[in-house]
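Student: For reference, the structure I am asking about is given below.
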Amino acid sequence: MAGRVDCGDGAGARQHVFLLPECLKDASKKMKSGLMFVKLVNPCLGEGALYLFNMCPQQLFEIKVFKEKHHSWFINQSVQSGGLLHLATPMDPLFLLLYYLKKADKEGKFQPLDQVVVDDMFPDCILLLKLPELEKLLQHVTEEKEIDKKKYYKYSKEKTLKWLEKKVNQTMAALKTNHINVGARVQSSAFFSSHQVSSDKEEDYICYAHGLISDYIPKELSDDLAKHLKLPEPSASMPNPPSKVAAQRQRRNK
């Protein structure tokens, strides 16, 4: 579903074009009460990134921005230069929680979650504590203790790697189901879907899925996951995941 968001007041307000999931089709009506754009940490880079919270029910969406040269949008009676296209896609909030849990693990002790998910740079991170089934999510990546009816958490590398391995397997299954060709013989710029017989190897799928998941975790954890999966050293001919290709193009265009 396509939508637009106004930024600013008056006739000169800039408008942005978004592609939103069907569950957010009433976004324009909810914007003041149910939807909230926030800046949170990118768990891979440690830098700020734009996210969308659907407050009722609590859901997290990441915002991907696609930019092509010499594009503009015609919106009603106006022309918006830049041609940016914003895509909102559901994101597992555990990736963001994991960033803070791993950061807090340097202290090597169990802590209450409200002391772990704290960020002066991105204070809206406290919204993560309002997500449904939070305790159930944390079981995948933490050890837990309860003292005086209060729960304390500590990052578990072993649990985290098992959870990430499941994510890789789910990603592999999605790639195969959608007939995505990820073989090393395919150049990264020629990423496409095909129903033709493919010579892709299982190893290609694992490496590619690992690359996609690595966009949501710190480099150190990505390396640990690669060892856990017993992946070979990356080859120069191995295609990059689409998000990494887009990032490379963005850097070249700067």
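The values are calculated or read from the model by the stated rules, or taken from the named source; none is laboratory data. All values derive from a computational prediction rather than experimental measurement. Cβ placement follows ideal geometry from the backbone for every residue including glycine, while neighbour counts extend to all protein chains displayed. For accessibility, only protein heavy atoms count, side chains too; no ligands or nucleic acids. Shrake-Rupley method; radii C 1.70, N 1.55, O 1.52, S 1.80 Å.
Student: Just one of Leu129, Leu96, Leu113 is open to solvent by less than 60 Å² (accessible area, probe 1.4 Å), free of Cβ contacts under 8 Å to residues at least 24 places away in the same chain and in contact with a helix residue (DSSP H, G or I) (Cβ under 9 Å, 6 or more places away or on another chain); which is it?
Tutor: Going through Leu129, Leu96, Leu113 in turn, the sole match is Leu129.
Student: Step by step: first the residues of the stretch 83-93, then only those that are open to solvent by 30 Å² or more (accessible area, probe 1.4 Å) and part of a loop (DSSP other than H, G, I, E, B), then the one that is modelled with the highest pLDDT. Which residue is that?
Tutor: So, considering only residues that are open to solvent by 30 Å² or more (accessible area, probe 1.4 Å) and part of a loop (DSSP other than H, G, I, E, B), the one modelled with the highest pLDDT is Asp92.
Student: Quick check on Ser193: is it surrounded by fewer than 18 Cβ atoms within 10 Å (Cβ to Cβ), modelled with pLDDT under 90 and in contact with a strand residue (DSSP E or B) (Cβ under 9 Å, 6 or more places away or on another chain)?
Tutor: Considered against the rule, which asks whether it is surrounded by fewer than 18 Cβ atoms within 10 Å (Cβ to Cβ), modelled with pLDDT under 90 and in contact with a strand residue (DSSP E or B) (Cβ under 9 Å, 6 or more places away or on another chain), Ser193 comes out as yes.
Student: Being among the β-branched types (Val, Ile, Thr) and open to solvent by 60 Å² or more (accessible area, probe 1.4 Å) is the filter here, so list the residues in the stretch 139-150 that pass it. So that I can check it myself, show each step before the final result.
Tutor: First, the residues of the stretch 139-150 that are among the β-branched types (Val, Ile, Thr): 141-142, 147.
Of everything in the stretch 139-150, just one residue is among the β-branched types (Val, Ile, Thr) and open to solvent by 60 Å² or more (accessible area, probe 1.4 Å), namely Ile147.
Student: Being open to solvent by 40 Å² or more (accessible area, probe 1.4 Å), among the acidic types (Asp, Glu) and at pLDDT 95 or above, is that true of even one residue in the stretch 151-162?
Tutor: yes
Student: Could you give every pair whose Cβ atoms fall below 7 Å, whose first residue belongs to the stretch 37-59 and is within 16 Å of Ile126 (Cα to Cα), and whose second residue is among the hydroxyl-bearing types (Ser, Thr, Tyr) and surrounded by 12 or more Cβ atoms within 10 Å (Cβ to Cβ), counting only separations of at least 6 or pairs across chains?
Tutor: Here the result reads Val38/Tyr51; Leu40/Tyr51; Val41/Tyr99; Pro43/Tyr99; Pro43/Tyr216, each pair linking the stretch 37-59 to a residue that is among the hydroxyl-bearing types (Ser, Thr, Tyr) and surrounded by 12 or more Cβ atoms within 10 Å (Cβ to Cβ).
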